[in-house]
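To keep things clear, I will list the structure first and then write my remarks on it.
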Amino acid sequence: MDAEPLTAYVNGHFVPMAEAMVHIEDRGFQFADGIYEVIACFGGNFLDLDQHLARLQRSLDAVAIPAPCADAELRELLVQIYQRNPFRDAMVYVQITRGVAARAHLITAGLTPTLVLTARRLPAPSDAKLAQGVVGITLDDIRWKRCDIKSIALLASVLGKQEAMQRDADEAFWLDREGHVLEGCATNLLAVIDGKLVTHPLDHQVLGGITRHMALELADELAITVVERPWKLNEQNLTECMLTSTTNAVLPVCRIDGKPIGDGVPGTITMRLRAAMCKRLAQLSAQGSAQGSLA
Ligand code: PDD
């Protein structure tokens, strides 16, 4: 639980978190009929906001939910939710569902979408996690076939993450039928194979992570070759693994299914990418003038 008072936005109103409610017949509650985004905000500067809003629009289009408001209004609401919560570095959550209707699978015409926004502290990884790296497990991918949509239907990911925790691991990585690594429950996974940065190509089996995209851009700048192709954990010359996500930036993954990745310590390329990314985030934070209010 956050110790600080939290403010949420629900359908036109900023309200204390404890009073933030949606209807029990919201289709998000009944059918997971909705989509979401998680956006980092450093000192009032949103990281890759245009990319997040473009992905939000792609998700809305894919499930035919109309935008709840104009782009400019949503941007203003994002600034507001950041400013009304007491965090300098925050993760802002956006959820849009199809709206409220008597429970029936068929979509009622003319529904008003539900829009919910929250802001929470952006967690920083512990020194121990950075030194020892993330521990992972693999699981057969039991998710649906449109993982490119940022859908709120996350039951498989919830169960995957829970199983990871029960097996003393941090994250579960999904494998396709041939044993290729797709991504994690809430992260993308990248490997270093033969000195090249390898990750699954963008298709319906993975979410196009905004942080993944940034990692690939930074790799380019650092003259690290990027290869987007299906890959397996048992490939020869696989020396490093790393995960990416808005809430973790880049983190080394040092053990998967009880076996060390490479030497079992954070890899050189991983830590170069992490340093480059953290530098970018720190610059964004330093440029930011704003700070969430304590009101
Ligand atoms: N998860 N893959 C999946 C399945 C994800 O849920 C996420 C993000 C990512 C990484 O995407 P990005 O770099 O754009 O954050 C990849 C968010 C953070 C979440 O569910 O909390």
Notebook entry, point to check: Which three lengths, in whole Å and largest first, does the chain cover when its Cα atoms are put on their principal axes?
Noted result: 54, 46, 34
Item checked: Over the chain: helical MRE at 222 nm, DSSP H runs n ≥ 4 each giving -39500 (n - 2.57), nearest 500 -> -8500 deg cm²/dmol
Next item on the list: Kindly count the pairs of lysines across the chain whose alpha carbons are less than 21 Å apart, treating pairs on different chains or eight or more residues apart as eligible.
Entry: 10
Notebook entry, point to check: How large is ³J(HN,Hα), in whole Hz, for each residue of the stretch 238-251 in order, when computed from phi with the Karplus curve 6.51 cos²θ - 1.76 cosθ + 1.60 and θ = phi - 60°, using x for Gly and Pro?
Noted result: 7, 10, 9, 10, 8, 10, 10, 6, 3, 7, 10, 6, 10, 10
Item checked: Amide H partners (placed H, <5 Å) of Phe173, local residues excluded -> Ile137, Thr138, Leu139
Item checked: At 1.002 mPa s and 20 °C, Stokes diffusion of the stretch 134-282 via Kirkwood alpha-carbon radius, µm² per second -> 141 µm²/s
Next item on the list: Please find, in a Gaussian network model of the chain (springs between Cα atoms separated by less than 10 Å), the residue of Cys185, Cys254, Cys147 whose mean-square fluctuation is greatest.
Entry: Cys147
Next item on the list: Please report the orientation-averaged projected area of the stretch 71-157, defined via the convex hull of its C-alpha atoms, in nm².
Entry: 9.4 nm²
Next item on the list: Quick one: work out Rg over Rh on the C-alpha atoms of the stretch 7-121, Rh as Kirkwood radius.
Entry: 0.97
Notebook entry, point to check: Leaving out ligands, DNA and RNA but keeping every protein chain, what accessible area does Glu73 have, in Å² rounded to the nearest 10, with a 1.4 Å probe?
Noted result: 100 Å²
Notebook entry, point to check: What percentage of the solvent-accessible surface of the chain, computed with a 1.4 Å probe over protein heavy atoms, is contributed by carbon and sulfur atoms?
Noted result: 54 percent
Notebook entry, point to check: Just the accessible area per residue of the chain, please: how many Å² with a 1.4 Å probe?
Noted result: 49 Å²
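The values are calculated or read from the model by the stated rules, or taken from the named source; none is laboratory data. Here the structure is a predicted model, which means the values were calculated and not measured. These area figures cover heavy atoms from the full protein model, side chains too; ligands, DNA and RNA do not enter into them. Shrake-Rupley method; radii C 1.70, N 1.55, O 1.52, S 1.80 Å.
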